[in-house]
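In what follows, a single structure is set out as structure tokens and then discussed.
The values are calculated or read from the model by the stated rules, or taken from the named source; none is laboratory data. This one's a predicted model, so the numbers in the text were calculated from it and none came from an experiment. When we count neighbours, we look across all protein chains shown, and the Cβ atoms used for this are built from the backbone with ideal geometry, even at glycine.
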Amino acid sequence: MTDISASLGQLGISEEQVDLLHVATEFCRDKSPVEDVRKLIETDRGYDEKVWSEIAELGWLGIAVPEEFGGSGLGVGEIVPIAEQMGRALMATPFIPATVAGQLLAKAGTERQKEEVLPALAAGERFATTAFGEPGDDMAALGENEAGGFLVSGTTRLVEYAADADLIILAFSHGGSRQLALVERSALPGEALRREAIIDDTRRAYELRLDTFEVAGDAVLDPDKVEEALAHADMVGALLYAADMVGGTFRVVDYTADYLRTRKQFEKVIGSFQALKHPLVDAFIGHERARSHLYAAAHSFGDQGRGEVAVRMAKAQGEKAYAYAADRAIQFHGGFGFTYDCDAGLHRRRAIWNATRYGDARAQKRRLAELLF
Amino acid sequence: MTDPTVEEFARDADAWFSENVPEDPGFMLPLTFMEVGEDRQFDFLRDWQRKVYEAGYLGAAWPTEYGGGGLSEAHQKAATRAMRKYRGPILLNAIGLNWAGPLILDIGSEEQKSAYLKDILSAEDIWCQGFSEPEHGSDLGNAQLKAEREGDEFVLNGSKIWTTQGNYAKYMILLARTNPAAENKYAGLSFFLSPMKIPGIRTQKIKKLTGEFGFTQTFFEDARISADCLIGGEGNGWKVAMRTLEYERGARGGQAGGYVSIPPDLMEIVELAKTAKRDGAAAMDDPVLKDRMVDYLMDMHALSLGNERKRMMPLVEDYPNALPLISKLEFSELYRELSEFALTLLGPKAAYYVGEENSADGGWWARSYLNAFSATIGGGTSQIQRNIIGEHVLGLPKTR
């Protein structure tokens with residue numbers, strides 16, 4: 001009989017994680033009250049530059065960047081408490097794409113690119129986002145020049161925070177392979193970015209359209225490391241979005257419990273009705289399961305084989321928990337739940353966005369079955 | 001002689017269990033202590049428990065003056081691990097080992113400790129529990145069995161139900177009403193360590209959903225017990241009962257060790273999914289079943305991770321009591337779903353039951369599924385568990 005248990009994530013927690021958890025809990029609660037979240041929804045940028053620079057000052061953008069390039073040299077798992085607490089506060093920031101971009105550059109950047117760009121990313125002086133492309137996107141090189149540069153044309157969708165990023169790590173196809181290049185956002189033609197209407201109002205995403213755009217040879221990342229780096233980025237993104245979902249689940253359960261403790265109907269506080277109480281308990285249990293998976297994934301992230309299984313489980317469980325908790329939260333707030341003023345809707349919409357990033361539960365489970373059975 | 005270190009003890013236990021776990025007796029053994037329905041099962045398991053105890057691998061952390069090993073919890077855990085590793089059968093005397101025993105150790109009198117503890121460990125005395133009544137299941141605080149004081153005795157009248165191993169038990173932990181006029185229903189209750197084999201107490205076996213036995217209804221008609229049977233003091237029955245439930249749910253330690261139930265093994269179900277045929281192909285080839293298999297694997301793994309996380313303070317700061325409180329609900333419901341899923345994997349063969357030679361695994365899965373309800377209903381139904389979690393963790397107002 002095959003023993004699958006050896007392939008599953010194991011739990012553990014580091015001192016750094018504990019410290020970051022405590023600092024992040026307080027910071028996100030203080031800096032992202034829901035009134036501020038709602039104000040930022042009305043802005044184009046979608047996030048608060050001042051809070052973003054404070055995040056940079058805390059060193060959170062360089063946690064898993066190697067020390068030689070100005071980072072703290074810790075593991076990706078140490079970032080999890082931050083992303084989790086940001087999710088709890090519905091915080092609007094480019095933290096996840098900026099972190100993924102930093103990881104991508106650290107894995108596949110040339111020595112020169114790493115020396116020139118990574119320290120600025122780790123310090124938060126500049127920020128990069130990623131343009132990986134969605135299925136059906138057609139960003140492709142038309143040809144290669146002698147200096148190793150490319151002319152690139154096509155469309156890439158759902159590029160997070162592209163309009164405010166300093167740099168975009170652009171993926172494009174070239175022949176049968178994928179390439180990555182570091183593109184200055186300021187070098188893009190005026191019409192290249194179009195803000196997309198996305199389901200999550202607390203985030204921003206753009207369509208990037210290029211027509212014979214010139215990518216210089218020294219902007220291209222190490223072609224030999226691209227696939228490995230993309231696989232790594234995939235795991236980082238999935239892990240951090242899982243963390244955001246676990247945080248969001250906690251908050252929306254708490255938010256709903258609060259309503260159920262105070263709202264009265266038929267002269268009774270509605271939380272005494274089992275038709276509401278029991279599903280909320282199930283939502284809470286969903287959170288507990290997802291959180292256990294999340295911290296197992298954080299702890300096991302660097303382990304060969306086991307890391308991937310743990311991350312995929314965390315992403316799938318996070319989606320399941322957040323979707324259920326936020327869905328029931330809308331319902332249990334009754335008429336108020338149907339209004340834009342109820343936070344349950346913000347959570348449900350964020351949960352759907354988060355689910356789509358780096359593979360939804362369906363995709364994660366299909367991959368898990370291949371890995372495990 | 002100095003005590004063995006945990007490592008030495010673990011090594012010896014490993015060697016002992018590797019040699020002493022009994023062969024398949026040729027009849028189906030119970031998966032939990034609630035399923036001991038036949039004398040041959042009872043005799044077999046009683047022998048097994050005695051053997052484990054005499055080898056020193058049960059009650060290792062209980063004091064030596066009461067028959068224990070005088071070692072640490074870590075020693076006992078090492079022994080239990082070895083027992084699990086070699087798939088030893090369950091221990092029989094669950095209520096004595098896990099609930100009554102620790103209760104007596106913690107709050108019993110010296111006489112009670114000396115009288116009961118050693119024979120609990122050796123399975124000489126089987127213990128049962130008298131909490132639920134025919135008219136008061138979930139509403140435990142409303143128990144009505146009367147215990148009227150007459151001098152140095154109490155006279156018992158009424159009935160208890162779901163008495164696990166009631167027909168075998170020599171003693172019962174009993175919740176009874178000593179003062180019907182108390183200021184509230186809880187204050188009128190007292191807790192007894194009551195003998196079972198006395199005039200006026202009669203048990204009647206209950207046939208379960210599975211077609212097997214394991215529980216009794218217990219009738220009390222002017223049964224007289226000594227006032228020395230009281231534990232925790234007259235009128236404190238509710239407090240003692242709640243404490244007993246904490247032992248039962250694992251929220252409070254002191255249990256003798258070993259295990260009293262064998263949960264469905266996920267790996268066996270994975271194996272079943274690979275071997276069971278549906279429409280000529282392995283069940284695992286069905287993408288819907290495969291997807292559900294992944295879900296169960298994730299949920300089961302979440303339980304074992306939660307079991308570790310509950311001891312990691314920084315990761316349980318929001319609701320420190322949540323993980324212990326939800327574990328009974330989670331385990332019992334997941335085991336029920338999982339064994340039902342096994343029946344789905346079997347397809348048409350799910351039509352067979354225990355005793356049929358054409359059945360898969362002797363009807364094991366069907367019996368597992370039906371028996372799974374004992375845990376989703378017993379010890380507080382899943383619905384009551386959700387009330388408790390909603391009220392004690394999420395702070396929701398009381399239902400009722």
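Select, from A:Gly307, A:Gly335, A:Gly359, the only residue that is more than 10 Å from every other protein chain (Cβ to nearest Cβ) and free of Cβ contacts under 8 Å to residues at least 12 places away in the same chain. Of the residues listed, the single one that is more than 10 Å from every other protein chain (Cβ to nearest Cβ) and free of Cβ contacts under 8 Å to residues at least 12 places away in the same chain is A:Gly335. Does B:Gly200 count as at positive phi, free of Cβ contacts under 8 Å to residues at least 60 places away in the same chain and away from chain A (no Cβ under 14 Å)? Considered against the rule, which asks whether it is at positive phi, free of Cβ contacts under 8 Å to residues at least 60 places away in the same chain and away from chain A (no Cβ under 14 Å), B:Gly200 comes out as yes. Quick check on my filter: what residues within region A:282-298 are in contact (Cβ under 8 Å) with a residue 12 or more places away in the chain, at the interface with another protein chain (Cβ under 7 Å from one of its Cβ atoms) and of a type outside the set (Ser, Thr, Tyr)? Matches in region A:282-298: A:Phe284, A:Arg289, A:His293, A:Ala296. Would you please name the residue that is nearest to the other protein chains (Cβ to nearest Cβ), looking only at residues in region A:254-281 that are without any contact (Cβ under 8 Å) to a residue 12 or more places away in the chain, closer than 22 Å to A:Tyr322 by Cα and among the aliphatic types (A, V, I, L, M)? It comes out as A:Val281.
Residues in region A:213-239 that are of a type in the set (Val, Ile, Thr) and either in a helix (DSSP H, G or I) or under 24 Å from A:Gly359 (Cα atoms) (or both): A:Val226, A:Val236.
All but one of (1) outside any helix (DSSP H, G or I); (2) surrounded by 18 or more Cβ atoms within 10 Å (Cβ to Cβ); (3) touching a Gly at 6+ places or on another chain (Cβ under 9 Å) hold for A:Val183; state the number of the condition that does not hold. Going through the list (1) outside any helix (DSSP H, G or I); (2) surrounded by 18 or more Cβ atoms within 10 Å (Cβ to Cβ); (3) touching a Gly at 6+ places or on another chain (Cβ under 9 Å), A:Val183 breaks only (3). When region B:136-152 is filtered for residues that are at pLDDT below 90, in contact with a helix residue (DSSP H, G or I) (Cβ under 8 Å, 6 or more places away or on another chain) and not in a helix (DSSP H, G or I), the ones remaining, listed by number, are B:His136, B:Ser138. Of the helices (runs of 4 or more DSSP H) lying entirely inside region A:311-373, those carrying at least 1 residues that are closer than 24 Å to A:Ala231 by Cα and touching a helix residue (DSSP H, G or I) at 6+ places or on another chain (Cβ under 8 Å) are A:343-356, A:361-372. Of everything in region A:18-34 that is more than 18 Å from the chain's Cα centre (by Cα) and facing another protein chain (nearest Cβ under 9 Å), the residue that is surrounded by the most Cβ atoms within 10 Å (Cβ to Cβ) is A:Val18. Whenever a residue of region B:46-67 is more than 16 Å from B:Ile90 (Cα to Cα), its partners that are among the charged types (D, E, K, R) and part of a helix (DSSP H, G or I), lying with C-beta atoms within less than 7 angstrom and at least six residues away or across chains, give the pairs B:Ala61/B:Glu73; B:Tyr66/B:Lys113; B:Tyr66/B:Lys118; B:Gly67/B:Lys118.
Scanning region B:73-114 for residues that are among the polar types (S, T, N, Q) and exposed (fewer than 15 other Cβ atoms within 10 Å of the Cβ) turns up B:Ser109, B:Ser114.
Could you check, for region A:154-176, whether at least one of its residues is among the aliphatic types (A, V, I, L, M), farther than 25 Å from A:His232 by Cα and either over 18 Å from the mean Cα position of the chain (by Cα) or crowded, with 21+ Cβ neighbours inside 10 Å (or both)? Scanning region A:154-176, I find no residue that is among the aliphatic types (A, V, I, L, M), farther than 25 Å from A:His232 by Cα and either over 18 Å from the mean Cα position of the chain (by Cα) or crowded, with 21+ Cβ neighbours inside 10 Å (or both), so the answer is no. Restricted to strands (runs of 3 or more DSSP E) entirely inside region B:176-253, those with at least 2 residues that are in contact with a Cys (Cβ under 6 Å, 6 or more places away or on another chain) are B:189-195.
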